[in-house]
Structures are given as structure tokens and as C-alpha cells.
Amino acid sequence: MAETNATVRERIMEVATRLFGQQGYAATSVRQVVQEAGVTKPTLYYYFEGKEGLFREVVRARMLALEALIADTLECASLDAVERLRQFMARMVREGLDDTDSLRLMTLVFAPVGAESLPEHDAGNVTIRVVQAIATALEAGEAEGRLALRRDPISVALSILGACNTHTWAGVLGWQEAASQAEDLFDLFLHGVQAR
């Protein structure tokens, strides 16, 4: 049975995500991507118009997945705000642990190593949207009487996103406690420390 265009395109993107995440943009060649994906250079150029287009597309795919996560959790009207935040944090960690290639890619996008120059992408705008969606859920939690915000919602949202990223990387690096706490991360964030 012949492969569909979508299957070929997806395989190229999976290989590119892994290679860009592991090696960086500059160290990943088109030749290496096509060899590992089992396609020809013309096939890659047909779908992505080159290495820059491929990079933009794998970043775009990760941003679409993040947008879907926001819609499924932070913007889910059937859940109260606390449960939306709880589910968002748990899924952020679990999905990062389940797809370490994408996690490494996004680390490259947000924190390029050395002077590596990357093609333009829209990841920053989506990150702003994530922070704003978290802040909106926090404000909703306050309006519902479930949360009492003592700081600016954007600052708290940034801290929540940082907690997700830290727990995810701790799990990737083998710290099992971090990985096993994914489901309870929001409660840990809220109640992990209390002043005496």
C-alpha cells in the first residue's frame, strides 16, 4: 500500500523535530533529514521548500499542539477555573515527558545555544497567549471564590509556566518524583510551602 502525502510529510517532520532538538538547527542538514526519513531531497523541497520552511513547520506544529492544549484545558467551559489550571499543568508535564523530541526542539526555539541563528517563527506570540490564558483562568478562579490572588495574574501565570517546565525537565533528566507529581502539580504550586 502506497504512503499518503500526509504520512510522508509527517515522517519528515518527526525526523526533523528529533534532529533539530538533538543537534540544533545549524548542525542538522537536509541530507541527514532525508536519509533518516527515507525520502529524496526533492520530496522534502516539495513539502517544505527547504530547511527553513521545514523548521518553521515543525515549530508551527508544536504551537498548534499548544493551542489545542489551551483549548482543551484553560478554555474548557465545562470545568471550573481551578480544575482547568490543574489539568493544564498536569498535561503540560505529561505531554513534555511523552514527547521529549518536541520538548528539546522548543528549548532550542526559546533558548538557542550560543550564537545559533534560527529562522523566524511565531513561538513567542503563542507563549504570550499561554501566559494570558493562564492569567485569565487565575482571575476566573478568583471570581469563582476558589483562588485568592496576592500578586499580578501575569506574574503568577509566568510562575506556573515555569513550574511546568521545571517539572518536565526534571522528569526528563530522571527525577521520577517530578514526573510522578504531574497530576498534583497545581496543588503543589498552591500549597507546597506555608510561612510560619
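Read-outs: derived from the displayed coordinates by stated rules, not from any lab. Model, not experiment: these values are computed from the prediction. Cβ atoms come from the backbone with ideal geometry, glycine included; neighbour counts cover every protein chain shown.
Annotations for the structure displayed:
- Whether the stretch 1-112 is rounded, prolate or oblate, judged on the alpha carbon gyration tensor where a/c under 1.5 counts as rounded: prolate
- Protection proxy ranking, peptides 30-37, 165-172, average beta carbon neighbours within 10 Å, highest first: 165-172, 30-37
- Global form of the stretch 116-196, assessed from the alpha-carbon gyration tensor, a/c cut-off 1.5: oblate
- Simple rule: put +1 on each Lys or Arg Cβ and -1 on each Asp or Glu Cβ in the stretch 5-191, find the dipole, and look at Met106, Ser29, Ala77; the Cα lying farthest toward the positive end is Ser29.
- For the stretch 84-91, backbone phi angles converted through the Karplus equation (6.51, -1.76, 1.60; θ = phi - 60°) give residue-by-residue couplings of 4, 5, 4, 5, 4, 5, 4, 6 Hz, Gly and Pro being listed as x.
- Based on the Stokes-Einstein relation at 20 °C and a viscosity of 1.002 mPa s, and on the Kirkwood radius from alpha carbon pairs, the chain is assigned a translational diffusion coefficient of 117 µm²/s.
- 222 nm mean residue ellipticity, helices alone, for the chain (DSSP H n ≥ 4; -39,500 (n - 2.57); rounded to 500): -23000 deg cm²/dmol
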